[in-house]
1. Of (1) polar (S, T, N, Q); (2) open to solvent by less than 60 Å² (accessible area, probe 1.4 Å); (3) in contact (Cβ under 8 Å) with a residue 24 or more places away in the chain, residue 44 satisfies all except one. Which?
2. Starting from the stretch 5-33, take each residue that is in contact (Cβ under 8 Å) with a residue 40 or more places away in the chain and list its partners that are open to solvent by 20 Å² or more (accessible area, probe 1.4 Å) and acidic (Asp, Glu), counting only C-beta distances under 9 angstrom and pairs at least six apart or across chains.
3. Residue 59 fails exactly one of the following numbered conditions: (1) open to solvent by 60 Å² or more (accessible area, probe 1.4 Å); (2) of a type in the set (A, V, I, L, M, F, W, C); (3) in contact (Cβ under 8 Å) with a residue 60 or more places away in the chain. What is the number of that condition?
4. Residues that are under 11 Å from the mean Cα position of the chain (by Cα) and within 21 Å of residue 77 (Cα to Cα): which strands (runs of 3 or more DSSP E) entirely in the stretch 3-67 hold 2 or more of them?
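The values are calculated or read from the model by the stated rules, or taken from the named source; none is laboratory data. Everything quoted here is computed from the prediction, not taken from an experiment. In this analysis, Cβ positions are derived from the backbone assuming ideal geometry, glycine residues included, and neighbour counts consider all displayed protein chains. With ligands, DNA and RNA removed, areas are computed over all heavy atoms of the protein, side chains included. Shrake-Rupley method; radii C 1.70, N 1.55, O 1.52, S 1.80 Å.
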Amino acid sequence: MSSIRYAKLRLVIYPNDHPPPHVHVMGQDWEMRIALSQPPYVLSILGKPKRQEVASALLVVNEKLLVLQMMWSNLHG
């Protein structure tokens with residue numbers, strides 16, 4: 001597992017995960033799967049994040065996109 005902490009968010013890529021390339025973004029009581037594409041987009045949401053939290057998660061993934069894409073590639077080829 002590879003992860004990055006950013007403010008109150010945790011971004012995780014699991015080694016046994018499946019395509020499409022994505023990152024799990026975890027907040028206090030929620031989790032999102034966000035596609036590692038340009039631009040990133042939400043694949044799924046568990047829990048009930050506020051709109052601001054969804055926007056923040058997308059911004060962080062976009063900001064860290066190259067690093068996250070490299071992490072996915074290193075784990076999944």
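1. Answer for residue 44: the failing condition is (3).
2. Note: pairs meeting the criteria are 6/63; 9/53.
3. Going through the list (1) open to solvent by 60 Å² or more (accessible area, probe 1.4 Å); (2) of a type in the set (A, V, I, L, M, F, W, C); (3) in contact (Cβ under 8 Å) with a residue 60 or more places away in the chain, residue 59 breaks only (3).
4. Numbers: elements: 9-13, 22-26, 31-35, 42-46.
The strands (runs of 3 or more DSSP E) meeting that bar are 9-13, 22-26, 31-35.
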